[in-house]
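Data first, discussion second: the structure below is written as structure tokens.
The values are calculated or read from the model by the stated rules, or taken from the named source; none is laboratory data. Source: prediction; values computed, not measured. For neighbour counting, all protein chains shown are included, and Cβ atoms are generated from backbone atoms with ideal geometry for every residue, glycine included. Ligands, DNA and RNA are excluded from the accessible area calculation, which covers all protein heavy atoms including side chains. Shrake-Rupley method; radii C 1.70, N 1.55, O 1.52, S 1.80 Å.
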Amino acid sequence: MRLDKYLAESAAGTRKVVRDYVKDGKVTVNDQVILNPAEEIDEKADTVICLGRETIHTGKVYYMFHKPAGCVTARTDEDCRTVLDYFDPDHRAGIFPVGRLDKDTEGLLLLTNDGEFSHNLMHPDKHIEKTYFFWAFGRLNEDSKAKLLSGISLKSEEDLAIAYKLEVVEEGNYQDLRERIEPLIRRDIRMNSSRQAVVAGYLTISEGRKHQVKRMLKEVGCYIAYLKRVSIGELYLDEALPKGQYRELTKEEIELVRHLN
Ligand code: URA
């Protein structure tokens, strides 16, 4: 196995990071400094030390994370808590988020050290469906729903953004539904009128444009108050997993997402 692949699968860092470690002379194999990231090693027999620590080859890892609001989907950030900050130090080296959710979006986020898996899931050509639950201020009438389902143009973008599925599960005014909405939302909401219309539903898209769900709903006059990703393809967020916690995907779950490609 190549040394850089071995290190990336040993929680030492991403492929890019570990290549730099190797080039900078920070990796030894059987007490010998190796400067070539492509060097072939025997992962069962060789002793590999990276940054002074012996590595253990964990192989590829796949985690389901229940992202809470208030953290950014990044490996590092100067100002804000990141999704990686929720992981034990033993688990987080070398893993990265698959795609991204906005800071205020909750729900299903996958993290892995498997670049190919991530690429296949996120590539726009693969059209993998992602479903979001939302609460929004506004109304979704039949005309708005038809627009979203047939494709809506987003500012400064040529291609239409399409809702593959759209299901409204709740409609009413804020006053009547506030007990359901308010516990989900961290920020204060100032309402012009308690008769403000609100709507909840599930929207499925197959791309991952920036703020896509928020922008699509805004185009039909609905403003997201709460957004949560509930599924990627057939893989659903494990609702028994508390917010801010993660667990390894089961073999079946990994296959479920892999077979989407
Ligand atoms: N669409 C959004 O607007 N935000 C997200 O975080 C994900 C999809």
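Miscellaneous remarks
- Using heavy atoms of the protein chains and a probe of 1.4 Å, the accessible area assigned to residue 228 is about 30 Å².
- Counting only aspartates and glutamates at least 8 places from residue 243 when in the same chain, those with an alpha carbon closer than 16 Å to its own are 85, 88, 102, 104, 106.
- Candidates per GluC sites (Glu not before Pro) in the range 63-161, loop by DSSP, up to 13 other Cβ within 10 Å: 78, 157, 158
- Packing-based ranking of 209-218, 15-24, 37-46 yields 209-218, 15-24, 37-46, ordered from highest to lowest mean Cβ neighbour count within 10 Å.
- Between residue 61 and 113, 114, the built amide H atoms are under 5 Å apart, and every one of these is 5 or more places off in sequence or on another chain.
- Based on alpha-carbon atoms, the Kirkwood radius and the radius of gyration of the range 1-90 give Rg/Rh equal to 1.05.
- Pair residue 119, residue 165: separation of 7 Å Cα→Cβ label points (nm): 3.0
- Proximal charge balance of residue 64 [Cβ under 12 Å; K/R count +1, D/E count -1]: -1
- Backbone HN-Hα couplings from phi across the range 195-203 [Karplus 6.51/-1.76/1.60, Hz, Gly and Pro as x]: 8, 3, 6, 10, 9, 10, x, 10, 10
- Solvent-accessible area, 1.4 Å probe, carbon plus sulfur percent, for the chain: 45
- MRE, 222 nm, helices only [DSSP H, n ≥ 4, -39500 (n - 2.57), over the chain, to nearest 500]: -6000 deg cm²/dmol
- Measuring between alpha carbons in the structure, the pairs from 130/251; 67/103; 16/251; 130/228; 228/251; 147/218 lying more than 18 angstrom apart are 130/251; 16/251; 228/251.
- Estimated FRET transfer efficiency when R0 is 35 angstrom, pair residue 53-residue 206 (beta carbons, to 0.05): 0.25
- In this structure the chain gives 54 Å² per residue of accessible area when probed at 1.4 Å with all protein chains present.
- Mean projected area of the Cα convex hull of the chain, taken over all directions, amounts to 16.3 nm².
- Computed about its Cα centre, the charge dipole of the range 129-232 is approximately 400 debye, with only Lys, Arg, Asp and Glu carrying charge at their Cβ.
- DSSP H segments from the chain that extend 15 Å or more along their own axis, Cα-based, with Kyte-Doolittle mean of 1.0 or above: none
- Theoretical FRET efficiency, 1/(1+(r/R0)^6), r = Cβ-Cβ of residue 85 and residue 2, R0 35 Å, to 0.05: 0.70
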